[in-house]
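J.: Take this structure first; my questions come after.
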Amino acid sequence: MARHTGPSNGAELRHPPGTFDVMPAESGAWQHVLATFARVVSGAGYGLILTPTFEDIGVFQRIGASTDVVRKEMYDFVDKGQRHVALRPEQTASVVRAFIQHRPTTPWKAWYAGSQFRFERQQAGRYREFHQVGVEAFGSADPDLDVEVMALAWEFYRALGITRMDLLVNSLGDSRCRPAYRRLLVEYLLAHQGDLCDEHRDRIEDNPLRILDCKRPGCRSVAEGAPRQVDHLCDECAAHFGRVVEGLAALSIPFTLQPTLVRGLDYYTRTTFEYAGTGLESAQNALGGGGRYDGLVAAMGGPDTPAVGFALGMERILLALDAEQVALAGGARLDAFVVDFAGGTVARDLTARLRVAGFRVDRSFDGRSPKAQFKAADRSGARLALVVGPDEAAAGTVGIKDLQAAAEQVTVGMEEIVPELSRRLG
Ligand code: AMP
């Protein structure tokens, strides 16, 4: 059998289809988004969790064999130890696996950030390796916790500057009321079978709820007249949903009741929600979503534990910020750039000393000309150039030139440089 080793000799090496590089010039926005998320959720008692990028395939198969994510889109393979593993297509299953394995005391609240992998058809805003941030909260069935997680995502988006978005909310009922609703829905869909899209016409029984979410015109018009789960909730689910709606109103979070919202993963119960970016095209307007999954921990072999969480797409967040023309602060700027055309010894020693003192400092290498070094200093965005020519080297001094303002270069003694930088940089 032919072994695939990548492009043959001479071919240009590129990242795989459906993936991308984030180069340092663009990564400042990513850092800002991640830092904002960490601030918002850790301020509400969520702790960072890191889980492996790959897991035993069973971890993901338990989240629902009928979902496209599991059926068609997983990157799974048998490793050199003959284990069938998969790159994570989403992270809730991994967090649930970790929860079951380590049994932390509940209530237990965790947040994550990382790559997810799905072998999807390539299209705008849809990648094969993409990034999500999310939270999961275990051990409480309180509807106020549903409101807490929805409010956290809302606050996070707002903190970034996203304003054009809709929070769509629905309840999917639970194991008591969903089966009866499902039967009602199947009956209705069978009566309208001829109008459904090609993919769903003969798959009604597989996953009738997913048909409500289908974007093709046939399914869409059938879905409009379909019975709604919110009208067939048991008393407990109706009370739960009532409290969620009341909580969102109390926190002044605008939302839209969307009875056809079902979400792509099978494990949701009761509350489900999605944030839609109203400034984005409909194919890529899902900013993030989540909901309750009270049955998943037990289904994966753990103790009966209610849980709720969400996952938000990083790429979509950046698209939404772009659409709203929000410019994010870039990465940390340099404080100073050492320009040494007296042999390089001062550049070596002073740069190291200033970094240890906590300043952000860079320098040139290879004994470049003063002109080339000043150009590099400008390009670096540094506030100050610290200039050492033969005269300064002989006198044990350093010239300080403000690169952001038109000011004369001043000279200070080598031993005054740290207090002088502290004074100038605040
Ligand atoms: P899900 O895990 O399917 O509930 O998706 C949660 C969020 O992740 C979505 O709302 C999107 O923002 C994002 N997302 C899901 N799949 C992709 C993908 N293939 N490429 C980029 N973002 C995605």
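J.: Can you give the FRET efficiency to the nearest 0.05 for residue 48 and residue 342, using r as the Cβ-Cβ distance and R₀ = 41 Å?
T.: In this case the efficiency is close to 0.30.
J.: Based on alpha-carbon atoms only, what is the radius of gyration of the range 244-385 relative to the globular estimate 2.2 N^0.38 Å?
T.: Numbers: Rg = 26.2 Å, N = 142, 2.2 N^0.38 = 14.5 Å.
With N residues counted in the range 244-385, Rg over 2.2 N^0.38 Å equals 1.81.
J.: If you filter the range 360-426 for GluC sites (Glu not before Pro), then keep DSSP loop positions with at most 14 other Cβ within 10 Å, what is left? Can you show the working numbers first?
T.: Working: sites: 392, 408, 415, 416, 420; in loops: 408.
Filter output for the range 360-426: 408.
J.: Can you give me the C-alpha center-to-center distance between the range 404-426 and the range 364-403, rounded to a whole angstrom?
T.: So the separation of the two Cα centres works out to 13 Å.
J.: Using alpha carbons only, what's the Rg to Rh ratio of the range 336-425 with Rh from Kirkwood? Walk me through the intermediate numbers first.
T.: Numbers: Rg = 11.7 Å, Rh = 12.8 Å.
With Rh from the inverse mean 1/r over Cα pairs, Rg/Rh is 0.91.
J.: Next question, about the same structure. Let me know the shape class of the range 195-282, please: from the alpha-carbon gyration tensor, a ≥ b ≥ c as square roots of the eigenvalues, rounded when a/c is under 1.5, otherwise prolate if a/b is greater than b/c, or oblate. Intermediate values should be presented prior to the final figure.
T.: On the way: a/c = 2.37, a/b = 1.48, b/c = 1.60.
Oblate, because a/c is 1.5 or more while a/b does not exceed b/c.
J.: Would you work out the relative contact order for the range 336-425, in percent, from Cα pairs under 8 angstrom that are 6 or more residues apart? Let's see the in-between values first.
T.: On the way: 131 pairs, mean separation 24.7, N = 90.
Relative contact order, the range 336-425: 27 percent.
J.: What is the Cα centroid distance between the range 281-321 and the range 38-93, reported in whole angstrom?
T.: Distance between centres, Cα-based: 13 Å.
J.: Straight-line reach only, C-alpha to C-alpha below 20 angstrom: list the lysines that residue 72 could link to, leaving out same-chain residues fewer than 8 apart.
T.: 215
J.: Run the reach check for residue 401 against lysines, Cα to Cα strictly under 19 Å, same-chain hits fewer than 8 apart removed. What comes back?
T.: 371, 375
J.: Report Rg(Cα)/(2.2 N^0.38 Å) for the chain, keeping two decimals.
T.: Numbers: Rg = 27.6 Å, N = 426, 2.2 N^0.38 = 22.0 Å.
Output field value: 1.26.
J.: Once you sort the root eigenvalues of the Cα gyration tensor of the range 134-291 as a ≥ b ≥ c, which label holds: rounded (a/c under 1.5), prolate (a/b larger than b/c) or oblate (the other case)? Could the numbers behind the result be given before it?
T.: Working: a/c = 2.27, a/b = 1.37, b/c = 1.66.
Oblate, since a/c reaches 1.5 and b/c is not below a/b.
FYI, it's all coordinate maths here, none of it is from the lab. What you see is a predicted model; the values in this text were computed from it and never measured. Here the Cβ is made from the backbone with ideal geometry for all residues, glycine too, and neighbour counts use every protein chain on show.
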